[in-house]
Amino acid sequence: MSAHEQFADDLALYALGVLEGPDRGALEQHLQDCNECSTELQRLRGDMALMALSAAGPKPPQRSRQRLLDAIGREPRQSAAAQKALPRWTWVPWLAAAALALGIAVLWVNNRDLHETIARLENESTRQQAQLEKAREVVETLTSSDALRITVVAAKVPPQPQGKAIYVRDRSSLIFLASNMPKLPAQKAYELWLIPTSGAPIPAGVFKPDARGSAQIIQPPLPAGVEAKTFAITVEPETGSSAPTSAVVMVGAGL
């Protein structure tokens, strides 16, 4: 057996990265002095790289396919008896196929994780854009020269409850801030009402104060272009009412 035939089996295993122990050391020593085996090793690695690329998408070059077919055509036909004594390197293609299948599975999992990460980032970006837009609207309302600013107060019982309504009619934009609000009975809430210059009161948001008596209503849905006379507050069911069902507990100037 020639040196090339001796190392033919190990070359394929070495190209796959699975040759270990003394056989690996002997082959690496042989490759330092044998140009022919070194060239064959590079060919094996190139063919494996082409196989990996063909599984990921792009079609391998036609020359690689033809080279493989030519190599198959040059292989001598074996008899049935010879086929029973196949050398051990004949299972190398199956090992290469298994390694390739494992690589494809890893790529598929990585690709799926990448898509999930992109979708999560897109959702986070959309949420942040919505928050930024809401903050911009709040700033515009607070700084608008056209804003109607009304202080909503209760009877002078210290600490005196107080609310501040900032309303821009052209944008139907409202910000309401309350302080020192009394604690409510169970299943009750305060409801803010926009009192127009004409017509019935318009619901402008339901709120419950925190432990310090503070509360806020930011940009509630309101009809477009309503001219406000003032704002008032009643105590309603915690789900809110379409029209006041109790006496006014706080009211702004104008009533």
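Nothing in this text is a laboratory measurement; each read-out follows from the coordinates by a stated rule. What you are looking at is a predicted structure, and each value in this text was computed from that prediction instead of being measured. Here the Cβ positions follow ideal geometry from the backbone for every residue, glycine too, while neighbour counts run over all protein chains shown.
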For the D33, L102 Cβ pair and Förster radius 30 Å, calculated FRET efficiency rounded to 0.05 is 0.30
Between N111 and R45, what's the calculated FRET efficiency when r is the beta-carbon distance and R0 is 25 Å? Round to 0.05. 0.50
Packing-based order for 208-216, 168-176, using average beta carbon neighbours within 10 Å, highest first: 168-176, 208-216
What is the extension gain from D23 to E124, computed as 0.36 nm multiplied by their sequence separation minus the C-alpha to C-alpha distance, in nm to one decimal? 30.9 nm
Placing unit charges on C-beta atoms (Lys and Arg positive, Asp and Glu negative, everything else neutral), compute the dipole magnitude of region 112-166 about its Cα centre in debye, rounded to 20. 400 debye
With +1 assigned to the C-beta of every Lys and Arg and -1 to the C-beta of every Asp and Glu, and no other charges, what is the dipole magnitude of region 108-255 about the Cα centre in debye, to the nearest 20? 500 debye
